[in-house]
1. 5 Å is the cut-off here: which amide hydrogens, built 1.01 Å from N in the peptide plane, fall below it relative to A:F56, excluding neighbours closer than 5 in sequence?
2. Summing -39500 (n - 2.57) over the DSSP H runs of n ≥ 4 in chain B and dividing by its residue number, what mean residue ellipticity at 222 nm do you reach, to the nearest 500 deg cm²/dmol?
3. Would you mind ranking B:V44, B:V122 by Cβ crowding within 10 Å, fewest neighbours first?
4. As a check on your grasp of the helix formula, calculate [θ] at 222 nm for chain A: sum -39500 (n - 2.57) over DSSP H runs of n ≥ 4, divide by the residue count, round to the nearest 500.
5. Please check: in the Gaussian network model of chain B (C-alpha springs, under 10 Å), which one of B:I185, B:I45, B:I222 has the largest mean-square fluctuation.
6. Using only Cα atoms, locate the centre of segment A:177-254 and the centre of segment B:132-169, then give the distance between them in Å, rounded to an integer.
7. Give me, ordered by chain and number, the residues 5 or more places off B:L213 or on other chains with an amide H under 5 Å from its own placed amide H.
8. Roughly how many whole Å is it from the C-alpha centroid of segment B:93-120 to that of segment B:171-219?
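Values in this text are rule-based calculations from the coordinates and carry no lab data. Owing to the predicted nature of the structure, the values given are computational and were not obtained by experimental measurement. With ideal geometry, Cβ positions are generated from the backbone for all residues, glycine too; neighbour counts draw on all protein chains shown.
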Amino acid sequence: MKRALPIAAIWAALVALPWWLPLIGGYTALGSKVLIYAIATMSLNLLLGFTGGLSFGQAAYFGLGGYGAGMTLKYLAPSTPLAILIGTLAGGIAATLLGPLVMRRRGIYFAMITIAIGQLFYFVMVRWNEVTGGEDGLAGFARQDIHLGALVIPLSNLNFYYLVLLCFTVAVALMWALLQSPLGHTWVAIRENRRRLQFLGVRSERYVWAVFAIAGFITAFAGTLNALLFNFTSPQDLHWILSGNFVIMIVLGGMRSFFGPLLGVIIFVVAQDYLSSLTGNWMTFIGLIFVFIVLLFPRGVLGIFDRRTKVA
Amino acid sequence: MQLLLFNAFNGLIQGVFYALMALGLALILSLNSVINMAHGGFLVIGAYLAFTLNPYLGFWGALVAGPVLAAAIGLAVERGLIRPLYKRSDPLYSLLLTFGLALIIEDMTRTIWGAQGLPLEVPDIINSPVSDTYFFITGYRLFVIGITAAAAIGLYLLLRYTLLGVRIRAGTRDLETTAALGVNIYRLRALNFGFGCLFAGLAGVLAAGILGLTPPMGNSLIMPSFVAIIIGGVGSLFGAVLGGLIIGLAAGIVTTYYPAASEAVIYLMMLIVLVVRPRGLFGEEGLFE
């Protein structure tokens, strides 16, 4: 239980974030964004870092979650929990249905198919103008106050941050539990030696399907929160550029560690926020970050401290 | 009927660009084991350099210089950035690196040449319509088809009949054995990467003559090229070309009846192929399953 102390410290810092973040020039919505991206990247890391499946199209499920939530609020019912539920189901079911198409592929081909499949949803959202708002994105919806019986919780920026923190905590606990379970151990075994696992009679593709679907559900869940945070979602939320950003955030933090993606997200989102206020050429700097991390820090920030991990 | 022909022909031209892109991507994918996300970047480099050199070299000179310079930059990138990654067996890193390059190239293009679209002047001799009824069949479009066919046949002859081609094909099958037989596989992979970028640059110059130049043009052509490879079958260059033509044609035909679905249709076709024939139309068995 020697890990319990740092985790408690991190969590305490997150609870207190609305007080200390403005002191160093941040704002509460930035904290919400970091936690939302952390949910998405940590779930993607179940697939990428723990199972070894190079998914490069995860933004599709993130965006589907966002559109699901936004369209629920706009067309169906003014209910935040319902929006989160429907968005999560939309992205998760899409991932579950597409899983069989990718579960047998390895390495480079897995990556290529996930990239290409992701673009399908991008074009659906861009071209289905009347419903999705096309290129301009889906606007005209707002997160609604939460009604718990007689109790009404208004979702101000501050309260929404705490809702996100609650969701983050639940999602992290779930993912932690999954990795401790036999299922999680099978994922790691697939990463380490898939062929050997198959010789042992394990149908590894079913486990890849499972992790693809689970990562899809949790990423879509994060996507719904993202749409609610900005009361807006756009095709950029399911573009392959965002998929690539998710992957680099994971590698930046350290893809072999459970909390690595959280660290990567903090560094990346803050850097992006800062760079885009500083220069119009921030895309070049993000690109340079990619190149430098790949060439110099392939194990990520946490990997620097952990000598056991090797670059495969 | 006229409209259908018009759109189908437009789609075919689009498909020619996909095919050229897919050809280069497939070359690099099979021998270098790199998903070259920066392939669109090399297309843009070829196109913009041709645009810049056009006033000095004329269209014909630029048509040669653009792709050659794109290939030269590709060689430098391979030597400096991609070669260090070959020893890492995880394809993640080369994918991320070329992804970063794609962002850098698009942004730098915007900074150097501006975000506005630019036209590439095409000589009048080849730019006039061939007939009045079929006004959309301009000489330039036939020229594009001709050049692409020549390039594809040239590549085929190179791979089939030259020592270099034999080595590239051997390296694709079994890199270790090829190296053990005394082939310098580093040079082989570098050349192969250069060839891939040459095709990207060629696609860029040819596309610029029809679509004009914009910084994101490469990144919008790259995804359909992936689809072309998946549909045609990984490991088959012929499949990549055919896949590109098929999806271009399909997108063109769908434009006639239901324009909003013209992009989505190619991804739907890919899903159908993946369900019915996972290795693609001409893919090698086992490589992809």
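1. A:T114, A:I115
2. After summing the helix terms and dividing by the residues of chain B, the value is -25000 deg cm²/dmol.
3. Arranged by neighbour count, lowest to highest, B:V44, B:V122 become B:V122, B:V44.
4. Helices in chain A give a 222 nm mean residue ellipticity of -23000 deg cm²/dmol.
5. The residue that fluctuates most here is B:I185.
6. When both Cα centres are located, 41 Å separates them.
7. Amide H neighbours of B:L213: B:L118, B:L120.
8. 18 Å
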